[in-house]
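Remarks on the structure that follows.
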Amino acid sequence: MWNPSIRKFNELPYIENPKVPYFTSYGFGYDLVSNVYKVVVVFWCSGVKTVVKIHTLGTDFWKSVEAFPFRCVPLGRSGIFVSGTINWLPLKDGRVRSFVVSFDLRTESYRRILQPDYGKLKPDAEQLSLGVLRDCLCLVSHHDVWIMKEFGNKESWTKLFTNSYDSCYYLTKAIYMFEDDQVLLEASYSGVKKLILRDPKKIETIKFINFKNERTLDSSPEVCVESLISPSGAG
């Protein structure tokens, strides 16, 4: 764990991996009730078999919790932290399911959160990604950006906007919403990633952001929120 604000890091205790996991996904968040930070690791072993481990900062061990549920596996390397939960899009037989798997850090249990109604055009796994905008769960679906105004309530899904400015670029991630409501997004065209700035109030207004080595980025940018919390979980 690394906190760049105070330039301190902490190496987590050794975690015993299952035999040759196909894929590993991570999650990190804050337990609002216990006032502790937790790290969750999901190992995808074979078929739909998963092993899930959780570590509480300030302790020196990992513990096993219930496997990833609903006979699914997580999509993406990182889960999204919102409202005391870590959230993943679930895959089954190579297809994304119609819900979000939400892991409650307090109860260490799972629940389903239904995705919005996309209409006739159902997005596939490559066209969906989760994010967070202003502490709300966010979902990018190809050219559309959705936001869940009340966490856990399917009826609160609201389409923020549709990116119709340049259909050649499809959206891959919502990164940040500024005070003036402009949204920083990641978009892709023929494997080339771009950062764009979009104003939801101006339908045809889009701005491309210069970003060093954007053509070779293998991972997406993340927002770093300044904090004085020790990565060791103490103090």
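Here are the numbers:
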item: Tabulated pairs, the stretch 181-204, first loosely packed, with under 12 Cβ neighbours inside 10 Å, second modelled with pLDDT of 85 or more, C-beta under 8 angstrom, 6+ apart or interchain; result: 201/181
item: Top-ranked residue of the stretch 119-136 - restricted to ones that are in contact (Cβ under 8 Å) with a residue 24 or more places away in the chain and farther than 15 Å from residue 75 by Cα, ranked as surrounded by the fewest Cβ atoms within 10 Å (Cβ to Cβ); result: 135
item: Failed criterion for residue 116 (all others in (1) at pLDDT 90 or above; (2) crowded, with 16+ Cβ neighbours inside 10 Å; (3) outside any loop (DSSP other than H, G, I, E, B); (4) not aliphatic (A, V, I, L, M) hold); result: (3)
item: Any hit, the stretch 105-112, residues being among the small types (Gly, Ala, Ser) and buried (at least 18 other Cβ atoms within 10 Å of the Cβ); result: no
item: Only one of 25, 64 that is of a type in the set (Gly, Ala, Ser) and more than 20 Å from residue 132 (Cβ to Cβ); result: 64
item: Filter result for residue 43 (in contact with a strand residue (DSSP E or B) (Cβ under 6 Å, 6 or more places away or on another chain) and farther than 26 Å from residue 95 by Cα); result: no
item: Residue in the stretch 125-132 that is of a type in the set (D, E, K, R), over 20 Å from residue 156 (Cβ atoms) and touching a strand residue (DSSP E or B) at 6+ places or on another chain (Cβ under 8 Å) present; result: no
item: Residue in the stretch 20-42 that is buried (at least 18 other Cβ atoms within 10 Å of the Cβ), outside the structural domain of residue 173 (by TED's automatic domain parsing), in contact with a Pro (Cβ under 8 Å, 6 or more places away or on another chain) and of a type in the set (A, V, I, L, M, F, W, C) present; result: yes
item: Elements of type strands (runs of 3 or more DSSP E) contained in the stretch 142-204, each with 2 or more residues being modelled with pLDDT under 85; result: 183-189, 192-198
item: Single residue of the stretch 57-102 satisfying the filter (part of a loop (DSSP other than H, G, I, E, B) and free of Cβ contacts under 8 Å to residues at least 24 places away in the same chain) that is surrounded by the fewest Cβ atoms within 10 Å (Cβ to Cβ); result: 93
item: Residue match in the stretch 35-56 (condition: within 18 Å of residue 102 (Cβ to Cβ), at pLDDT 90 or above and not in a strand (DSSP E or B)); result: no
item: Among (1) in contact with a Ser or Thr (Cβ under 7 Å, 6 or more places away or on another chain); (2) under 19 Å from residue 54 (Cα atoms), the one test that residue 128 misses; result: (2)
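The values are calculated or read from the model by the stated rules, or taken from the named source; none is laboratory data. The shown structure was predicted, so the numbers you read here are calculated from the model rather than taken from an experiment. Using ideal geometry, Cβ is built from the backbone for each residue, glycine included, and neighbour counts are taken over all protein chains shown.
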